[in-house]
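Data first, discussion second: the structure below is written as structure tokens.
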Amino acid sequence: MFQYTFITTVLLFTFLNNLLYSSTVINNGDYFNLIVIGGGSAGLACAKEAAKYNKSVIVLDYTVPSPRGTSWGVGGTCVNAGCIPKKLFHQASLLKKYLHDMEFYGWEMNNNIDKIKNSWSSLIENVGNYISSLRWKIRRDLNLMNIKLLQAIGTFIDHNTVNAKIITGKLEYDQKLKFKNVTIRGENILIAVGTRPTFPKKPVGISKYCITSDDLFYLEQPPGKTAVIGAGYIGLECAGFLNGLGFPVKVITRSVLLRNFDQDMVNLVKQYMIKDGITFCTKCEVINVVPTNSSEQLKYDKTGYIVTWRDERGREYRDFFNTILCATGRLPFIDNLNLRKAGVNYDNTTGKIYTANEKTSVQNIFAAGDVISVYHGYYYPLEWEMPRADGGGDNSLCYIKVISLKRSDKIIGVHFTGPHAGDVIQGFAVAVKNGLTVRQLQNSVGIHPTIAEEFTRISITKRSGLSPRQLSCCS
Ligand code: NAP
């Protein structure tokens with residue numbers, strides 16, 4: 001009975017899905033108030049906003065497959081290969097940690113914790129199903145708002161005209177795309193094509209051996225021992241959850257972790273990750289990658305790659321990895337747009353489009369030296385006190401920094417490392433945007449016992465030279 005209901009639901013789902021796509025009929029010369037090229041977070045938000053004003057809107061969305069062949073439907077990177085799967089994989093890895101904590105809270109684990117293994121295939125399948133459901137909701141919402149959605153690549157013909165190369169399927173014999181071209185016209189056109197991963201230029205040919213974050217959440221086989229090249233957000237986030245899921249991880253990067261970030265915070269993140277078992281090779285350059293079917297393979301009994309890298313002193317190291325994950329940055333994906341035809345100016349090297357309204361990438365706004373005050377403090381999360389008696393003496397992992405303008409007391413930035421950092425920082429981000437001052441922060445009620453309350457206890461400035469060590473509880 002259950003199976004029957006399930007099959008019926010799947011058929012219904014597929015039918016409705018096809019219905020939503022096939023309901024988009026367009027013809028040469030069709031005119032829209034807004035054409036959106038790219039159906040990710042930005043493109044969809046703009047499309048929906050325009051539709052609220054009764055504007056006719058069409059979204060063109062197609063994900064050109066990664067070099068490994070990974071592609072997905074509407075929703076962009078965030079939904080399909082970014083924030084959403086990342087958070088779910090992160091949650092999967094945290095759960096194993098909680099198992100260890102549970103013993104301290106009286107759960108009888110009967111020494112079984114270390115025998116518990118994660119099933120990569122179940123994780124991939126369940127996350128994949130969830131992502132599919134999100135894509136379904138996106139298509140349904142667009143449909144309800146009369147926004148047309150085409151699985152199509154948009155290319156400018158001129159500043160008002162776009163060729164939509166509508167992907168209608170794949171030719172079975174060589175997997176090439178079946179498509180038809182339709183020319184549409186738009187009063188306004190939004191380019192919201194997002195970014196795609198880049199590969200290092202050296203060693204030559206490395207891209208053929210690497211996956212990127214675009215592929216990771218769709219890997220059919222577990223990644224195994226993994227080398228992560230690059231230590232930006234993506235490299236570190238992936239390293240964190242892969243390690244938590246039980247795969248050995250080494251991060252190799254050419255400079256330092258999160259180079260443009262506050263290095264006090266970064267060093268704490270690094271220490272925390274090292275404690276968790278991740279190894280780091282900083283200021284190192286990968287110089288060679290060889291698949292183990294070369295003569296080197298005799299030393300190893302698994303399939304994968306021998307990676308050789310060199311440190312800043314010229315010393316060479318090598319190790320075996322099953323998977324190499326390149327997280328060496330992303331660049332705007334403008335390849336198919338033909339921006340010149342539309343007269344759009346862009347940076348030839350980075351592909352970044354110059355936009356007058358977004359000049360406020362605040363390159364010219366900065367604060368340094370005497371004009372700012374930096375408040376800081378360490379704390380120890382209550383959640384950690386009991387289960388982590390071993391780390392109990394180390395009160396220097398969780399840290400808060402509040403940066404304010406000295407003259408006005410206005411806060412211009414907050415940093416936070418510790419559990420639930422994303423959730424904690426969200427509320428403060430709203431307050432900072434609305435002009436929060438240090439005095440207001442200190443006068444706020446701290447909800448006890450929470451981690452976020454530590455922000456309201458902040459009082460030590462760096463300039464004072466006083467110790468930022470943890471204040472006693474409940475002070
Ligand atoms: P990224 O932040 O630019 O970091 C790239 C990393 O790769 C850096 O550590 C960089 O080192 C290193 N690298 C670059 N070229 C290399 C090479 N040839 N050999 C070795 N290492 C190399 O890029 P990302 O982590 O891929 O992230 C891409 C974008 O997604 C970023 O804009 C990021 O902000 C965004 N993102 C945001 C979030 C979030 O907000 N939570 C999450 C994921 C991604 P250097 O420091 O020396 O340049």
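Nothing in this text is a laboratory measurement; each read-out follows from the coordinates by a stated rule. As the structure is a computational prediction, the values presented were derived from the model and not from experiment. All Cβ positions, even for glycine, are placed from backbone atoms using ideal geometry, and neighbour counts span all protein chains on display.
Here are the numbers for this structure:
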quantity: Where trypsin sites (Lys or Arg not before Pro) fall in DSSP loop in segment 108-192, at most 13 other Cβ within 10 Å; calculated: Lys117, Lys176
quantity: For segment 72-90 versus segment 177-193, the gap between their alpha-carbon centres in whole angstrom; calculated: 24 Å
quantity: Extension reserve of the Leu466-Tyr233 stretch, reckoned as 0.36 nm per residue once the Cα distance is removed; calculated: 80.7 nm
quantity: Violating pairs (Cα-Cα greater than 19 angstrom) within the set Lys137/Lys433; Lys178/Lys341; Lys225/Lys283; Lys55/Lys148; Lys86/Lys115; calculated: Lys137/Lys433; Lys178/Lys341; Lys225/Lys283; Lys86/Lys115
quantity: Pairs of Cα atoms farther than 24 Å apart, segment 27-183, %; calculated: 50 percent
quantity: P(r), alpha carbons of segment 220-290 - 10 Å bins starting at zero, rounded %; calculated: 20, 55, 22, 3
quantity: Segment 233-272 - convex hull of the alpha-carbon atoms, volume per residue in Å³; calculated: 67 Å³
quantity: Qualifying chymotrypsin sites (Phe, Trp or Tyr not before Pro) in segment 143-223, DSSP loop, other Cβ atoms within 10 Å at most 16; calculated: Tyr173
quantity: Rg and Dmax [Cα atoms of segment 90-214; Å; Rg one decimal, Dmax integer]; calculated: 23.2, 69
quantity: Protection proxy ranking, peptides 190-199, 234-243, average beta carbon neighbours within 10 Å, highest first; calculated: 234-243, 190-199
